[in-house]
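This report concerns only the one structure given below.
The values are calculated or read from the model by the stated rules, or taken from the named source; none is laboratory data. Because the structure is predicted, anything quoted here is derived from the model rather than measured. Note that we place each Cβ from the backbone using ideal geometry, even for glycine, and neighbour counts take in every protein chain shown.
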Ligand code: GH3
Ligand code: MG
Ligand code: MG
């Protein structure tokens with residue numbers, strides 16, 4: 001087999017990969033598929049035209065062919081930038097521009113060996129840009145990205161070796177100067193190219209898997225964790241905790257009279273209330289743990305707390321913020337309240353089912369005691385958190401009533417022990 005046949009095989013393979021990527025783009029509409037597909041087609045057609053020296057006019061098989069093959073490498077870099085959701089930089093034209101600039105020089109234009117060296121030098125620059133983009137992209141230190149970069153690194157080396165050999169041995173055509181060592185070099189480069197394509201498709205798969213995983217644990221309306229995501233979060237918090245002590249709190253929140261809100265303002269407005277409440281809940285417990293939607297108008301938060309008072313404070317902050325901030329939907333100001341049940345457990349021995357059923361029991365007590373309140377469940381008891389904003393404490397200044405609230409919570413803590 002001679003080098004020209006090798007080029008033709010490579011041209012056919014690259015074009016096929018290009019068409020496959022285009023068809024993937026057709027179904028998924030992710031721009032990087034189109035860019036990579038076009039890159040492979042450019043590269044394939046370019047290399048194919050180089051192989052047709054003599055059949056095609058020289059300008060096509062030299063100038064246009066080499067620039068196309070190099071533009072293909074630039075498009076791979078551009079596709080990688082799109083893959084990482086970055087803006088495509090004009091820098092991706094550099095490999096082609098290097099070749100065009102070199103061809104403006106008379107001695108390069110007229111010498112086969114200089115042209116070969118120029119092409120491979122420009123290709124090395126393109127491959128180095130690809131490596132830089134992969135390693136400095138999102139999640140740049142991942143195993144797959146490093147494998148990909150290493151495979152492209154072999155392309156850099158082989159291109160540089162070809163460029164240096166072309167300058168030293170000054171061949172006058174593709175057939176001249178081809179010996180076993182150049183075939184070995186080409187074979188290694190081709191194998192590494194295939195490995196690069198395989199690790200590239202692994203990158204795509206990993207991205208798709210991560211997207212699916214995220215979808216599986218996300219509530220589409222509020223973008224919060226869903227029930228499954230909250231369960232994962234519980235196990236993560238339990239595993240991630242170092243040390244023997246500490247408490248885990250599960251706060252279960254259920255909007256009051258939500259059916260009526262839907263009936264009065266419409267389901268769409270109900271949805272908007274859920275989204276607004278999601279924001280209030282997230283803001284109130286930010287930095288402590290996770291806030292998610294269990295389903296319907298039920299939410300939950302899981303977090304590390306130092307004591308029962310801390311958990312009750314977060315719950316009360318959510319409850320009072322919601323109460324004093326009617327939710328605006330269109331021209332309506334919708335008053336919404338929430339009832340809350342809290343359960344606590346030592347992190348080491350925390351059991352999710354027990355926490356859920358205790359919080360549920362507490363929530364039930366909060367509902368049956370008039371709603372718009374927080375209750376704390378213990379193993380065999382439920383206590384309503386004395387509220388700063390309820391009728392029996394309304395005449396007391398806020399500061400004083402908060403002090404009362406903390407004192408009452410301390411009593412509850414003492415009973416719980
Ligand atoms: P309670 O104070 O006892 O909690 O009364 P409630 O009306 O909030 O409770 P109930 O469980 O009877 O009703 C919950 C309602 O929530 C019924 C359902 O139509 C509504 N709902 C559930 N999911 C959604 C949703 O995604 N969007 C909207 N708009 N409404 C929902
Ligand atoms: Mg409910
Ligand atoms: Mg409800």
remark   = Of the candidates 187, 191, 274, the one satisfying the condition of being surrounded by fewer than 13 Cβ atoms within 10 Å (Cβ to Cβ) and either over 30 Å from residue 139 (Cβ atoms) or within 14 Å of ligand 1 (Cβ to nearest atom) (or both) is 187
query = Filtering segment 210-224 down to residues that are surrounded by fewer than 11 Cβ atoms within 10 Å (Cβ to Cβ) and more than 10 Å from the chain's Cα centre (by Cα), which residue is farthest from residue 298 (Cα to Cα)?
reply = 212
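For segment 271-289, name all the residues that are more than 14 Å from ligand 3 (Cβ to nearest atom) and part of a helix (DSSP H, G or I).
271, 272, 275, 276, 278, 279, 280, 281, 282, 283, 284
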query = Hey, residue 292 hits all of (1) within 26 Å of the chain's Cα centre (by Cα); (2) within 16 Å of ligand 2 (Cβ to nearest atom); (3) assigned to a helix (DSSP H, G or I) but one; which does it fall short on?
reply = (3)
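Residues checked against (1) in contact with a strand residue (DSSP E or B) (Cβ under 8 Å, 6 or more places away or on another chain); (2) near ligand 1 (Cβ under 7 Å from one of its atoms):
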position: 248; (1), (2): yes, no
position: 254; (1), (2): yes, yes
position: 259; (1), (2): no, yes
position: 270; (1), (2): no, yes
request  = Go through the residues of segment 105-112 one by one and say whether even a single one is touching a helix residue (DSSP H, G or I) at 6+ places or on another chain (Cβ under 9 Å), modelled with pLDDT of 95 or more and in a helix (DSSP H, G or I).
outcome  = no
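A quick yes/no check of all residues on (1) more than 16 Å from ligand 1 (Cβ to nearest atom); (2) modelled with pLDDT of 95 or more:
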residue	(1), (2)
288	yes, no
293	no, yes
298	no, yes
301	yes, yes
306	yes, no
309	yes, no
313	yes, no
325	yes, no
333	yes, no
remark   = Within segment 341-369, residues being within 15 Å of ligand 3 (Cβ to nearest atom) and out of contact with any strand residue (DSSP E or B) (no Cβ under 9 Å at 6 or more places or on another chain) number 1
query = Checking residue 259 against (1) within 16 Å of ligand 2 (Cβ to nearest atom); (2) touching a helix residue (DSSP H, G or I) at 6+ places or on another chain (Cβ under 7 Å); (3) free of Cβ contacts under 8 Å to residues at least 24 places away in the same chain, which test does it fail?
reply = (2)
remark   = Expected single match for surrounded by fewer than 17 Cβ atoms within 10 Å (Cβ to Cβ), modelled with pLDDT of 95 or more and either within 16 Å of ligand 2 (Cβ to nearest atom) or outside any loop (DSSP other than H, G, I, E, B) (or both) among 339, 357 is 357
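Applying the selection to segment 277-291, what residues are in contact (Cβ under 8 Å) with a residue 60 or more places away in the chain and in contact with a strand residue (DSSP E or B) (Cβ under 6 Å, 6 or more places away or on another chain)? Can you show your working first?
Taking segment 277-291 and keeping what is in contact (Cβ under 8 Å) with a residue 60 or more places away in the chain, we get 277, 290-291.
Correct list: 290, 291.
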task = Quick one: in segment 199-237, of everything that is in contact with a helix residue (DSSP H, G or I) (Cβ under 7 Å, 6 or more places away or on another chain) and within 23 Å of residue 130 (Cβ to Cβ), which residue is nearest to ligand 3 (Cβ to nearest atom)?
result = 206
request  = Select from segment 295-309 the residues that are within 12 Å of ligand 2 (Cβ to nearest atom) and surrounded by fewer than 20 Cβ atoms within 10 Å (Cβ to Cβ) and write down the one among them that is farthest from residue 358 (Cα to Cα).
outcome  = 296
task = Could you tell me whether segment 381-393 includes any residue that is away from ligand 3 (no atom under 16 Å from the Cβ), farther than 17 Å from residue 340 by Cα, loosely packed, with under 14 Cβ neighbours inside 10 Å and modelled with pLDDT under 65?
result = yes
task = Within segment 263-270, identify whether any single residue is within 16 Å of ligand 2 (Cβ to nearest atom), assigned to a loop (DSSP other than H, G, I, E, B) and modelled with pLDDT of 95 or more, and answer yes or no.
result = no
Search result, residues across segment 29-44 that are touching a helix residue (DSSP H, G or I) at 6+ places or on another chain (Cβ under 9 Å) and over 25 Å from residue 64 (Cβ atoms) = 30, 31, 32, 33
message = Just to be sure before I move on: is residue 257 within 25 Å of the chain's Cα centre (by Cα), within 16 Å of ligand 3 (Cβ to nearest atom) and farther than 30 Å from residue 150 by Cβ in the structure I sent?
response = no
message = Being touching a residue at least 12 places away in the same chain (Cβ under 8 Å), assigned to a helix (DSSP H, G or I) and either more than 24 Å from residue 131 (Cα to Cα) or touching a strand residue (DSSP E or B) at 6+ places or on another chain (Cβ under 8 Å) (or both) narrows it down to one residue among 60, 92, 50; which is it?
response = 50
